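J.: Below you will find the structure I want to go over with you.
The values are calculated or read from the model by the stated rules, or taken from the named source; none is laboratory data. No experiment lies behind these values; they were computed from the predicted model shown. Every residue, glycine as well, gets a Cβ built from its backbone with ideal geometry; the counts of neighbours run over all protein chains shown.
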Amino acid sequence: MFLSILINGLVSGGMYAVLAVGFSLVFGVAKILNLAHTAFYMVTAFLILTGTIIGLKLSISVIMAVIVTGLLGIVCYKLCFDRVKVHETAVMIISVAIAMLFQEIFLLIFSEQFRMIKAFIPGFVEIAGVRVLYHHFFAVGASLVTLILVWLVLSKTRLGKAMRAINQDSEIANLMGIDVGRISLLVLGISAILAGVAAVAIVPIVMVHPLMWTDPLVIVLSSVVLGGLGSIKGSIIAAFILGFAETWVIFVVPSGSFLKGAISLTVMVIVLLLRPEGLFGVVFEEERL
Amino acid sequence: MVMHAVWLYKLFRESILTIPGRLIAIIFLWFLVLLPLITIEPSVLRIITLASIFTIYAASWDVLAGFSGQINLGHALFFGVAAYTTAVLNKYLGLPIWITIPLGSVCAVTVGLIAGMPALRLRGFYLGLVTLAFPLILSGVIFVFADFTGGEQGIYGLSRLSNSRILDYYIILTAMICSLFIMYKLTDAGSRMLRIGVILHAIREDEITARASGIDTAKYKLMVFAISGFFAGVAGGFYAHYMRITGPSILGLFFSFQPILWTIFGGLSTVYGAVTGVFVLYPLVEVCCFYEIGEHIRFILLSLILILTLIFMPEGIAVWIRDKLEVKCQRCKVVNAITRNFCRACRAPLHLEKRGKK
């Protein structure tokens, strides 16, 4: 029991952390609350599925899917977000419209069936009476490696420095010669790729379905709020907390799988009401009243 | 008697015939009232009736988000609470509709006040996130208490509004016209009798300044949440009784985004924008369903329309059309038809900028 909660919590927490990091990056740098973020995750899952149906090798279809998703993020930014950037409400609503567009396109092509993608590394090992799929190790490893990579990019490269500068003050960053538009474009691409990586990590464990983006969206939103909007470190820790909380609810509470979204959302509402800056967030003076 | 008739005719000629927007509104209203004389095809009546219900729903979102700037991404909460209350009261207690719908709306008001609490501290993105969460939390709860709420199937077999389709149609049409009139009056910023309209605009434009001017913004924000919740609740109650079923899908994400879609397509912070949006988009989607292929692509169509509207016509189609038909006099702020060269009230020339460009 304890071990299952630990393993499943690590797997889902890792996935949520990767998703939440991409989400916070976009919010911090491009100032876009991208509700379509988890739709990119769904798109990658379907692209992998398509690849395997066509008969490509698994590794090739995975890489292709992630790259295509990244390009899709850039296209969405260029075509939609960039044009309505001035109105924050319009940005929020257009992102939902994009997510629904993806959902409906995949519903049209693949219908409402639940589908499986076969595990990248088949087999399992038994630890203290609990079956642990090899894929669980792969998922945890992939998310950890991705998180470390993101941290390295943010702290060691010029691109990361530019992103942090824009996060702190985009107007001053612009005056210092940073091309804010271009960096925002790149960040949208990077975040779509991160969503893709999360999908690669989790896909053989969950079912592929056109509606699979709503559940993670809810949890990503809550973890980003719990960690503080725009704070990368906070959203990673919060994602792990909520991942464990979700797993615990599913295992312990009767009919808990219906409540897993409700738990995180309640956490989010409480955090927003009691401590709007989140666990590690920056205090947005002008956002509060 | 004759005097009255002449007076009425003059009023009609001066304040309606001269303004194209009002003329269109009156023609549209008469079209709706006389529709059962033209056709009593059940599918047509059904589409228009549902469009009327959704008009109340969309306009109530507009009051909250468009007029007072409180972005609510979970408007389905009010609609759903009212629909479920109505359904429970009708199904388990057997109460008639003229008790269940008002009680459902009262419940929605209560929920509106509770949901309004976060609005006192949050705004923008943050408020959107919190309100997005509420209906999803509630739908989780509804699945947990599946014995009482019917779970996935929902509560079905509610009593009808009335015995005939045409009476249903007129009941809902009356409800829509009354609700729209009240909402229009409440949010009218130029009103001399009610101050709430101009106060809501002030809160939307700059809350801190509004507060500095001595307006109790907390009170008015709660009030607008209650008003919006009430009308969304009316719509929810009518919807439950008209469809005779209440399911968890009305708490879903899609149901929350529908009023946003309609209102933004029609035009934000105008009551007629919500009406235009619903009466254009809803029948369009339903007509799509008659065809095999339309069934599958209707939501793709809807999302594309929303994206294109936001990019190319951010003010909405009703406002866009209005600006093509009417022009406001710059001196006395009286609305004139675009064809006039001089203002009908103060005789000031109307198309100054255009002439300047030439």
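J.: Looking only at the range A:193-207, which residues are touching a Phe, Trp or Tyr at 6+ places or on another chain (Cβ under 7 Å) and at pLDDT below 85?
T.: A:Pro204, A:Met207
J.: While we're here: Does B:Leu95 meet the test of being outside any loop (DSSP other than H, G, I, E, B) and either of a type outside the set (Val, Ile, Thr) or in contact (Cβ under 8 Å) with a residue 24 or more places away in the chain (or both)? I'd like the intermediate steps shown before the answer.
T.: Working: outside any loop (DSSP other than H, G, I, E, B): no; either of a type outside the set (Val, Ile, Thr) or in contact (Cβ under 8 Å) with a residue 24 or more places away in the chain (or both): yes.
Judged against the criteria, B:Leu95 is not a match.
J.: Right, here's the next one. Return the pair list, or none, for Cβ contacts closer than 6 Å from residues in the range A:23-39 that are within 14 Å of A:Ile94 (Cα to Cα) to residues that are of a type in the set (Lys, Arg), at least 6 apart or on different chains.
T.: Listed pairs, sorted by first residue: none to list.
J.: Right, next: Tell me, please, whether a residue that is within 13 Å of the chain's Cα centre (by Cα) and assigned to a helix (DSSP H, G or I) can be found in the range B:214-221. Talk me through it step by step, then tell me what you get.
T.: At the first step, the residues of the range B:214-221 found to be within 13 Å of the chain's Cα centre (by Cα) are none.
No, because not a single residue in the range B:214-221 is within 13 Å of the chain's Cα centre (by Cα) and assigned to a helix (DSSP H, G or I).
J.: In addition: Where the second residue is basic (Lys, Arg) and surrounded by 14 or more Cβ atoms within 10 Å (Cβ to Cβ) and the first is within 26 Å of A:Lys85 (Cα to Cα) and lies in the range B:312-330, which pairs have Cβ atoms under 9 Å and are six or more apart or on separate chains?
T.: Listed by first residue and then by second, the contacts come to B:Phe312/A:Arg83.
J.: So, in the range B:135-156, of the ones that are within 21 Å of A:Leu221 (Cβ to Cβ) and at the interface with chain A (Cβ under 8 Å from one of its Cβ atoms), which residue ends up surrounded by the most Cβ atoms within 10 Å (Cβ to Cβ)?
T.: First, pick out the residues of the range B:135-156 that are within 21 Å of A:Leu221 (Cβ to Cβ): B:135-143.
Narrowing the set further to residues that are at the interface with chain A (Cβ under 8 Å from one of its Cβ atoms) leaves B:136-137, B:140-141, B:143.
On the way: B:Leu136: 24, B:Ile137: 22, B:Gly140: 21, B:Val141: 14, B:Phe143: 16.
Among those residues, the one meeting the criterion is B:Leu136.
J.: How about the range B:85-119: which of its residues are crowded, with 24+ Cβ neighbours inside 10 Å and touching a strand residue (DSSP E or B) at 6+ places or on another chain (Cβ under 7 Å)?
T.: B:Ala87
J.: Also, I was wondering about something else. Specify which of the listed residues (B:Gly80, B:Gly94) is more than 14 Å from every other protein chain (Cβ to nearest Cβ) and in contact with a helix residue (DSSP H, G or I) (Cβ under 8 Å, 6 or more places away or on another chain). So that I can check it myself, show each step before the final result.
T.: Numbers: B:Gly94 fails: in contact with a helix residue (DSSP H, G or I) (Cβ under 8 Å, 6 or more places away or on another chain).
After ruling out the rest, the residue left standing is B:Gly80.
J.: I'd like the full set of residues that are among the aliphatic types (A, V, I, L, M) and either buried (at least 16 other Cβ atoms within 10 Å of the Cβ) or within 12 Å of the chain's Cα centre (by Cα) (or both), limited to the range B:265-296. It would help to see each step written out before you state the result.
T.: Initially, the range B:265-296 is screened for residues among the aliphatic types (A, V, I, L, M), giving B:268, B:271, B:274-275, B:278, B:280-281, B:284-285, B:287, B:293.
B:Leu268, B:Val271, B:Ala274, B:Val275, B:Val278, B:Val280, B:Leu281, B:Val285 - these are the residues of the range B:265-296 that are among the aliphatic types (A, V, I, L, M) and either buried (at least 16 other Cβ atoms within 10 Å of the Cβ) or within 12 Å of the chain's Cα centre (by Cα) (or both).
J.: Name the residue, out of B:Thr49, B:Thr55, that is under 30 Å from B:Ala337 (Cβ atoms), of a type outside the set (A, V, I, L, M) and touching a residue at least 24 places away in the same chain (Cβ under 8 Å).
T.: Working: B:Thr49 fails: under 30 Å from B:Ala337 (Cβ atoms).
On inspection, the qualifying residue turns out to be B:Thr55.
J.: Output the residues belonging to the range B:145-186 that are under 30 Å from A:Leu272 (Cα atoms), at pLDDT 80 or above and in contact with a helix residue (DSSP H, G or I) (Cβ under 8 Å, 6 or more places away or on another chain). So that I can check it myself, show each step before the final result.
T.: Taking the range B:145-186 first, the residues under 30 Å from A:Leu272 (Cα atoms) are B:145-146, B:149, B:151.
Now narrow it down to the ones that are at pLDDT 80 or above: B:145.
The answer is none; no residue qualifies.
J.: If you don't mind, another one. Residues that are under 30 Å from A:Thr214 (Cβ atoms), at least 2 per element: which helices (runs of 4 or more DSSP H) completely within the range B:241-358 meet that? Write out each step before concluding.
T.: On the way: elements: B:253-266, B:271-289, B:292-312, B:317-325, B:352-357.
Passing ranges, in order: B:253-266, B:271-289, B:292-312.
J.: Can you report the number of residues in the range A:257-289 which are over 20 Å from A:Lys233 (Cβ atoms), of a type in the set (A, V, I, L, M) and at pLDDT 70 or above?
T.: Of the residues in that region, 8 qualify.
J.: Inside the range A:110-144, can you point out the residues that are modelled with pLDDT of 85 or more and exposed (fewer than 14 other Cβ atoms within 10 Å of the Cβ)?
T.: Hit for the range A:110-144 is A:Gly141, nothing else.
J.: A further question follows. State which residue is surrounded by the most Cβ atoms within 10 Å (Cβ to Cβ) when the search covers only the range B:25-61 and only residues that are at pLDDT 90 or above, within 27 Å of B:Arg195 (Cα to Cα) and not hydroxyl-bearing (Ser, Thr, Tyr).
T.: Among those residues, the one meeting the criterion is B:Ala59.
J.: Can I ask one more? Can you work out which of the residues in the range B:297-314 that are within 17 Å of B:Leu284 (Cα to Cα), surrounded by fewer than 18 Cβ atoms within 10 Å (Cβ to Cβ) and among the β-branched types (Val, Ile, Thr) is nearest to the other protein chains (Cβ to nearest Cβ)?
T.: Among those residues, the one meeting the criterion is B:Ile300.
This table checks each residue for (1) facing chain B (nearest Cβ under 10 Å); (2) buried (at least 17 other Cβ atoms within 10 Å of the Cβ); (3) closer than 20 Å to A:Pro216 by Cβ.
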position	(1), (2), (3)
A:Ala36	no, yes, yes
A:Phe40	no, yes, yes
A:Leu47	no, yes, yes
A:Val62	no, yes, yes
A:Ile67	no, no, no
A:Leu72	no, yes, yes
A:Tyr77	no, yes, no
A:Val86	yes, no, no
A:Ala90	yes, yes, no
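J.: Checking A:Phe244 against (1) more than 9 Å from chain B (Cβ to nearest Cβ); (2) modelled with pLDDT under 85; (3) surrounded by fewer than 18 Cβ atoms within 10 Å (Cβ to Cβ), which test does it fail?
T.: Result: A:Phe244 fails condition (2) only.
J.: Looking at A:Ser111, is it in contact (Cβ under 8 Å) with a residue 24 or more places away in the chain and within 14 Å of chain B (Cβ to nearest Cβ)?
T.: Working: in contact (Cβ under 8 Å) with a residue 24 or more places away in the chain: no; within 14 Å of chain B (Cβ to nearest Cβ): yes.
Against the criterion (in contact (Cβ under 8 Å) with a residue 24 or more places away in the chain and within 14 Å of chain B (Cβ to nearest Cβ)), A:Ser111 does not qualify.
J.: Within the range B:127-179, track down each residue that is among the small types (Gly, Ala, Ser), over 30 Å from B:Leu35 (Cβ atoms), in a helix (DSSP H, G or I) and in contact (Cβ under 8 Å) with a residue 40 or more places away in the chain.
T.: Once the filter is applied, which keeps residues that are among the small types (Gly, Ala, Ser), over 30 Å from B:Leu35 (Cβ atoms), in a helix (DSSP H, G or I) and in contact (Cβ under 8 Å) with a residue 40 or more places away in the chain, the range B:127-179 yields B:Gly128, B:Ala133, B:Ser139.
J.: If you check B:Val224 against the conditions, is it under 30 Å from A:Val218 (Cα atoms), hydrophobic (A, V, I, L, M, F, W, C) and either in contact with a Lys or Arg (Cβ under 6 Å, 6 or more places away or on another chain) or free of Cβ contacts under 8 Å to residues at least 60 places away in the same chain (or both)? Show your work before the answer.
T.: Details: under 30 Å from A:Val218 (Cα atoms): yes; hydrophobic (A, V, I, L, M, F, W, C): yes; either in contact with a Lys or Arg (Cβ under 6 Å, 6 or more places away or on another chain) or free of Cβ contacts under 8 Å to residues at least 60 places away in the same chain (or both): no.
Answer is no for this residue.
J.: Consider B:Ile56 carefully, then state whether it is of a type in the set (Val, Ile, Thr) and over 15 Å from B:Tyr170 (Cα atoms).
T.: Numbers: of a type in the set (Val, Ile, Thr): yes; over 15 Å from B:Tyr170 (Cα atoms): no.
Spelling it out, it is not the case that B:Ile56 is of a type in the set (Val, Ile, Thr) and over 15 Å from B:Tyr170 (Cα atoms).
J.: Any idea which of B:Leu127, B:Leu122, B:Leu132 is crowded, with 16+ Cβ neighbours inside 10 Å and under 27 Å from B:Tyr242 (Cα atoms)?
T.: Details: B:Leu127 fails: under 27 Å from B:Tyr242 (Cα atoms); B:Leu122 fails: under 27 Å from B:Tyr242 (Cα atoms).
Step by step, each of B:Leu127, B:Leu122, B:Leu132 is checked, and only B:Leu132 is crowded, with 16+ Cβ neighbours inside 10 Å and under 27 Å from B:Tyr242 (Cα atoms).
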